[in-house]
Amino acid sequence: MDSRTDVESLFGDPVNASVERAISEFRAGRPIVIVDGHQALVATGVEALEPALASALGRLGPAHLVLPPARLRRLGVERAAPGMIALPAVDLARVETLALKIDARIDAPVGPAGPLDAVALELASLSLLLPAVIAVPLNAGSAPAGLLSVEAEAVRCYRRGLARTIKIVSRAPVPLDGAPETEFVVFRGGEGLRDQVAIIVGTPDFAKPVPVRLHSACLTGDLFGSLKCDCGDQLRGTVRFMAENGGGVLLYLDQEGRGNGIANKMRAYQLQSQGWDTYDADEVLGFGFDQRRFDFAAEMLKLLGVAQVAVYTNNPLKIAALQRAGLDVVEDRRAYGRQTAENVLYLASKRDRAGHYIDFDDLAAHLPIQD
């Protein structure tokens, strides 16, 4: 057995394994080294920045702050790509202001971010951290000993590769209230270190178009009944409809907060409580309109034997993603929840700014009669 085969036997794909280790280190607040040929970059998320770490990064060499286009726009600089701001000293207060403060404005020239800077932002996204990174360029051979290294190209290809390798790891019947004949199928892969779930409701005929919903997890709405969104109603209403109409498949995807993670979702909610709409709140934090990908969701359906779908969604991005992945979308229908005083602006923002198919007259017609 040669050494490469031996490594693959122990760790699976060593390239993916190196990225997953980098994600773990990044999320834990430890700097990592991104390598591309003779170039290297020591990078860490701004959430991890403490005085001792800031001082250590400053001693490595000239540091800079990497920010995405959305955050730069909020600082008053129009950019179509990420930018970098030089940090003569890694000043915690200045970094926090530039990366997070609502009323901050740019205080120095913004240069173009380099290829390794973009990889560092991708690691922050994979780690569900704020999209803001402290970076120190180095020669590949001069990186500090003990820091984990990862190849830039491995990070760039990581998501796309995982979508193709997603697999079923367990399944079991789980009777639900109103849908007693239901099976949960758990998949691994697609979004890195997270599991995804398909809920097969009833006995859908996979030889025909299958009713399908792609539902991104929403802790606040799905579990606690938050009035700020319609997610919980969409989830339970779709499962109930499928149970009463021959069955279907609901994919429950670990993509909290449009892919930003629960911590960033709560940051956005705090901004929304101050009057920002859902998309502006995300932009203040540096996020674009939607960070989610749905290519792996299509692979989940294919593994279940689904080829044709009648998709239940208001989101045109989900419909287009399934079509790009080769599934035959024969029909798309709306999935409505309650309209409340707390979520009406949220629903209107999704309709007006992200193109969601939300007709408020149609929505009202589907609401249960209130006493």
Exercise for the section: Answer yes or no: is there a residue in region 164-171 that is modelled with pLDDT under 95 and either surrounded by 15 or more Cβ atoms within 10 Å (Cβ to Cβ) or in contact with a Leu (Cβ under 7 Å, 6 or more places away or on another chain) (or both). Expected result: yes
Problem - Any pair with Cβ under 7 angstrom, 6 or more apart, that starts in region 72-87 at a residue that is within 15 Å of LEU121 (Cα to Cα) and ends at one that is part of a loop (DSSP other than H, G, I, E, B) and of a type outside the set (Val, Ile, Thr) - result: LEU72/ARG79; ALA81/ALA113; PRO82/PRO68; PRO82/ALA113; GLY83/ALA113; MET84/ALA113; ILE85/ALA108
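The rows are residues; the columns are (1) under 18 Å from MET300 (Cα atoms); (2) outside the structural domain of ALA17 (by TED's automatic domain parsing); (3) touching a helix residue (DSSP H, G or I) at 6+ places or on another chain (Cβ under 6 Å).
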position	(1), (2), (3)
SER142	no, no, no
GLY178	no, yes, yes
GLN196	yes, yes, no
ARG236	no, yes, no
Fill in the blank from the handout: Within region 173-191, the residues that are surrounded by 19 or more Cβ atoms within 10 Å (Cβ to Cβ) and more than 14 Å from GLU244 (Cα to Cα) are VAL185, PHE187, GLY189, GLY190, GLU191
Practice task
Could you check how many residues of region 201-232 are among the polar types (S, T, N, Q) and either part of a helix (DSSP H, G or I) or within 17 Å of ALA297 (Cβ to Cβ) (or both)?
Solution key: 2
Handout entry: Enumeration of residues in region 187-212 that are among the hydrophobic types (A, V, I, L, M, F, W, C) and over 13 Å from VAL249 (Cα atoms)
Key = PHE187, LEU193, ALA207
Problem - ARG160 vs. criteria at pLDDT below 95, in a helix (DSSP H, G or I) and of a type in the set (Lys, Arg) - result: yes
Problem - Verdict on LEU121 being assigned to a loop (DSSP other than H, G, I, E, B), in the same structural domain as GLY146 (by TED's automatic domain parsing) and under 18 Å from the mean Cα position of the chain (by Cα) - result: no
Completion exercise
Checked ALA104, ALA108, ALA99 against criteria (in a helix (DSSP H, G or I), modelled with pLDDT of 95 or more and not charged (D, E, K, R)); the one match is ALA99
Completion exercise
Being farther than 26 Å from ARG71 by Cα and either without any contact (Cβ under 8 Å) to a residue 60 or more places away in the chain or touching a Pro at 6+ places or on another chain (Cβ under 9 Å) (or both) narrows LEU116, LEU121, LEU147 down to just LEU147
Handout entry: Residues of region 261-291 classified as under 21 Å from ALA80 (Cβ atoms) and either of a type outside the set (Gly, Ala, Ser) or in contact with a strand residue (DSSP E or B) (Cβ under 8 Å, 6 or more places away or on another chain) (or both), total
Key = 11
Practice task
Name the single residue, out of those in region 204-235 being of a type in the set (Lys, Arg) and buried (at least 17 other Cβ atoms within 10 Å of the Cβ), that is farthest from GLN274 (Cα to Cα).
Solution key: ARG213
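The values are calculated or read from the model by the stated rules, or taken from the named source; none is laboratory data. This is a predicted model, so every value here is computed, not measured. Using ideal geometry, Cβ is built from the backbone for each residue, glycine included, and neighbour counts are taken over all protein chains shown.
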